[in-house]
Amino acid sequence: MIAMGVASSAGLNAAQAEGTVNVYSYRQPFLIQPLLDAFTEKTGIDTEVLFLDKGLEDRIAAEGENSPADVILTVDIGRLINVEEKGITQTVDSETINENIPAEFRDPEGQWFGLTTRGRVVYASKDRVEQDTITYEELADPKWKGKICLRSGQHMYNIALFASMIAHHGEEKAEEWMKGLKANLARKPNGNDRAQAQGIYSGECDLGIGNTYYVGKMLTNEEEPEQKEWANAIKVLFPNSEERGTHVNISGMAMAKHAPNRENALKLMEFLASAEAQSIYAEENFEYPVLPGAEVSEMVKSFGEIKPDSLPLEEIAKHRKAASEMVDRVGLDEGPES
C-alpha cells in the first residue's frame, strides 16, 4: 500500500507483522518502488510505504513509541540533519553500510546515510547559449539580464545551493550575488525544475537551474512526451567544474528511533547501500551512486562528467537558515522588477 500526502497510517497497523518493513518516505513512490520490489524479491520481506510531501518528521515525533516507522527515506542534507535533530532516528552500526557508503556521505554517529547524489546544474539553451562552461558566480553577470528561469528560492534544492554560496563566499558577497541573480531573472520564480527546462524550450529564458536527474526523467517520459522536447532543447552545464566543483546534494536514509521491525529495517538499509541497489538508482532514477566505483547510467554519462564540490554537506547545511532569510531579504521570489 502506498499512502499519499498526509493520509492515515491505518494500512501500517500490522507494524510488527513478521516479514515486513515500514517505510516513511519524502521520496516519491515511483522513485523508490523499483528498489523496494527488488528488496522484496531478494529477501521475501514485504514493504509498506507511507509517502508524505510535508510534515514527515513531525508525524513520526507525534506517533512516539507507537510509530510504525522503521526506515525513513528523504532527500536533501537539511532534511537528513533535521530528522536527527528531531530525535526520531537511532544509531546504526553496520559494517556493510559503512563499507559501501563513504564517510563524507554519512553521519559520523550513524544517524543517517546518503544513498545517491545529484548535481544542481545549469540548464542552457542549445540554440541560444554558445558557451559550454559556466560558474554559479556568473549567473549574476548582467549579460544574462532577463534570461534566467528559476523555481522558488525557498525550495530546499535552491536553499542548499545558496547555503553553499554562503559557505564559500560569506554572507555579504553571497547576498550581492543573489541580488545580481534576481536582476537577471526572466520572470517571477515558479514551477519545478522541469518547468525551467520548459521555459528554455519556449524561449522565455536561456538558462535555468535544476537537478541533473530531471533531465533523464524528461528524456524518458512516455506519458508526457512534450517533456522530451523540453529536455532536447537544453544542454547540461556543470558549474565551477574547472575549480571547486559543482554543488551536489543527496538522498538518504535513517532508521526510525522506535522501529518495530529493526532487524528487517537493517536488512533494507544494507540492501539500499548495496551495489545491486546502487545500480537500480543509477538506471531508474538517473542519480549518481555514492558507492565508490559504481557505474552511472549511459543517460547520465551523456550529460557530461561531474566534479562534485568537495565542501562537506554538513558544513553547507549550517548555512541553510541564513540562506532562507537572505531569499526573503533580497525578495528573490518576488521576481526581477520588485
Selected from Ala323, Ala62, Ala265 as most flexible by GNM, with the chain as the system and alpha-carbon contacts under 10 Å: Ala62
With all protein chains present and a 1.4 Å probe, how do Asp193, Asp37, Asp333, Asp328 order by accessible area, largest first? Asp328, Asp37, Asp333, Asp193
So the carbon and sulfur contribution to the accessible area of the chain, 1.4 Å probe, in percent, is 45 percent
Centroid-to-centroid separation of the stretch 231-264 and the stretch 19-70 [C-alpha atoms, Å]: 19 Å
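Can you order the peptides 273-279, 117-123 by their average number of other Cβ atoms within 10 Å per residue, highest first?
Details: 273-279: 19.1, 117-123: 24.7.
Top to bottom by mean Cβ count within 10 Å: 117-123, 273-279.
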Just order 252-264, 22-34 by mean Cβ neighbour count inside 10 Å, highest at the front, would you? 252-264, 22-34
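Could you give the size of the charge dipole of the chain about its Cα centre, using +1 on the Cβ of each K and R and -1 on the Cβ of each D and E, expressed in debye and rounded to the nearest 20? Can you show the working numbers first?
Values: 34 positive and 57 negative charges, 184 e Å.
So the magnitude is around 880 debye.
When ligands, DNA and RNA are left out and all protein chains stay put, how many square angstrom of accessible area per residue does the chain have with a 1.4 Å probe?
Numbers: 14210 Å² over 338 residues.
With the other protein chains kept in place, the chain gives 42 Å² per residue.
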The chain: antiparallel DSSP beta bridges as a percent of all, rounded to 5: 60 percent
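Rounded, prolate or oblate: which fits the stretch 29-128, taking a ≥ b ≥ c as square roots of the Cα gyration tensor eigenvalues, rounded meaning a/c under 1.5, else prolate when a/b beats b/c? Mind showing how you got there, number by number?
On the way: a/c = 1.44, a/b = 1.39, b/c = 1.04.
Here the stretch 29-128 falls in the rounded category.
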How big is the Kirkwood radius of the stretch 126-230, worked out from every pair of different alpha carbons and given in Å to one decimal? 14.4 Å
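With all protein chains present and a 1.4 Å probe, how do Tyr213, Tyr201 order by accessible area, largest first? Could the numbers behind the result be given before it?
Values: Tyr213 10, Tyr201 105 Å².
If we order Tyr213, Tyr201 from most to least accessible, we get Tyr201, Tyr213.
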Compute a Gaussian network model of the chain, connecting alpha carbons closer than 10 Å, and tell me which residue from Val129, Val215, Val75 fluctuates the most. Val129
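Could you pull out the pairs from Lys54/Lys257; Lys143/Lys321; Lys217/Lys257; Lys179/Lys321 whose alpha carbons sit more than 22 Å apart here?
Working: Lys54/Lys257 19 Å; Lys143/Lys321 30 Å; Lys217/Lys257 34 Å; Lys179/Lys321 18 Å.
Long pairs (Cα-Cα over 22 Å): Lys143/Lys321; Lys217/Lys257.
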Can you tell me which aspartates and glutamates have their Cα less than 20 Å from the Cα of Lys267? Leave out same-chain residues fewer than eight positions away. Glu18, Asp37, Glu41, Asp46, Glu48, Asp70, Asp93, Glu95, Glu99, Asp107, Glu109, Glu276
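How do Ser202, Ser310 stack up against each other in accessible area, from largest to smallest, with a 1.4 angstrom probe?
Details: Ser202 80, Ser310 105 Å².
Output order, biggest surface exposure first: Ser310, Ser202.
The values are calculated or read from the model by the stated rules, or taken from the named source; none is laboratory data. All figures in this text were calculated on a predicted structure; none of them were measured in a lab. Quick reminder, even Gly has a Cβ in these numbers, built from the backbone with ideal geometry, and neighbours come from all protein chains shown. Remember, those area values only see protein heavy atoms, side chains included, never the ligands or the DNA or RNA. Shrake-Rupley method; radii C 1.70, N 1.55, O 1.52, S 1.80 Å.
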